[in-house]
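A.B. asks: Please see the structure below; I have some questions.
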Amino acid sequence: MELSLVSAKASPRAAAAAVSSSPLLPSATRSRPRGRRFRCVAAASKGEEVFGGRKELTGVQPLVEALPPAGRAVLELAVVAAAAAGGYSLGTRYGGTRTTAVAGAAVLGAATLAGAAAVNSVVPGVAAVGLHNYVAGSDDPTALEASEVAAIASKYGVSTQDAAFKSELCDLYAR
């Protein structure tokens with residue numbers, strides 16, 4: 001607060017500035033800058049207003065979304081087969097016997113199969129995000145039909161009774 005040079009009291013200008021900038025007073029008592037004020041409003045669909053914006057996919061989720069269920073299964077089998085072949089080759093090279101070659105194939109094949117299972121565990125969550133994004137992007141979310149929900153579930157190869165998918169559906173209806 002500004003003090004006047006003549007007395008120890010606060011100057012009227014400093015007091016007015018303190019009052020006008022107080023966050024506790026209603027905005028009508030605070031001075032506002034003169035001039036034109038513009039307000040930017042982003043146009044949002046009705047679904048975004050109710051359900052929030054689109055959810056983003058992370059990690060392997062974009063890959064899962066891009067591949068259909070059959071393509072995902074073929075890719076996973078090809079990767080497991082390649083890993084098993086690589087394990088067989090490594091076992092032959094470093095072990096020198098057929099037993100170590102088969103053991104190497106089994107170890108790398110099992111590790112890759114575990115990775116494929118981890119990727120498959122992400123699928124219901126990706127389907128739930130797909131459902132959320134579909135509803136959030138809809139102009140009229142109340143017009144959502146069971147056939148649309150079933151189509152989204154079949155796109156990802158999950159059941160509508162899956163826990164993550166059902167949880168997202170319940171969350172959407174709770175809003």
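The values are calculated or read from the model by the stated rules, or taken from the named source; none is laboratory data. All values derive from a computational prediction rather than experimental measurement. Note that we place each Cβ from the backbone using ideal geometry, even for glycine, and neighbour counts take in every protein chain shown.
A.B. asks: State all residues of region 127-153 that are within 29 Å of Ala73 (Cβ to Cβ), of a type in the set (S, T, N, Q) and under 20 Å from the mean Cα position of the chain (by Cα); if no residue qualifies, say none.
C.D. replies: Across region 127-153, the qualifying residue is only Asn133.
A.B. asks: Picking from Val79, Val158, which residue would you name as being in contact (Cβ under 8 Å) with a residue 24 or more places away in the chain and either surrounded by fewer than 18 Cβ atoms within 10 Å (Cβ to Cβ) or of a type in the set (Lys, Arg) (or both)? Step through it out loud before you land on a result.
C.D. replies: Values: Val158 fails: either surrounded by fewer than 18 Cβ atoms within 10 Å (Cβ to Cβ) or of a type in the set (Lys, Arg) (or both).
Being in contact (Cβ under 8 Å) with a residue 24 or more places away in the chain and either surrounded by fewer than 18 Cβ atoms within 10 Å (Cβ to Cβ) or of a type in the set (Lys, Arg) (or both) holds for just one of Val79, Val158, which is Val79.
A.B. asks: Moving to a separate point now. (1) closer than 13 Å to Gly115 by Cα; (2) surrounded by fewer than 14 Cβ atoms within 10 Å (Cβ to Cβ): which one isn't true of Ala66, the others all being true?
C.D. replies: Condition not satisfied by Ala66: (1).
A.B. asks: Would you say Ser147 is out of contact with any Asp or Glu (no Cβ under 7 Å at 6 or more places or on another chain), of a type in the set (Gly, Ala, Ser), within 30 Å of Leu169 (Cβ to Cβ) and touching a residue at least 12 places away in the same chain (Cβ under 8 Å)?
C.D. replies: When the stated conditions are applied, Ser147 does not pass them.
A.B. asks: If we scan region 83-100, do we find a residue that is within 31 Å of the chain's Cα centre (by Cα) and exposed (fewer than 13 other Cβ atoms within 10 Å of the Cβ)?
C.D. replies: No.
A.B. asks: Hand me the list of helices (runs of 4 or more DSSP H) wholly inside region 67-175 holding 2 or more residues that are assigned by TED's automatic domain parsing to the domain that holds Leu57, modelled with pLDDT of 85 or more and of a type in the set (S, T, N, Q). Before you say what the answer is, go through the steps one by one.
C.D. replies: Numbers: elements: 69-95, 98-136, 146-156, 163-174.
Hits in region 67-175: 69-95, 98-136, 146-156.
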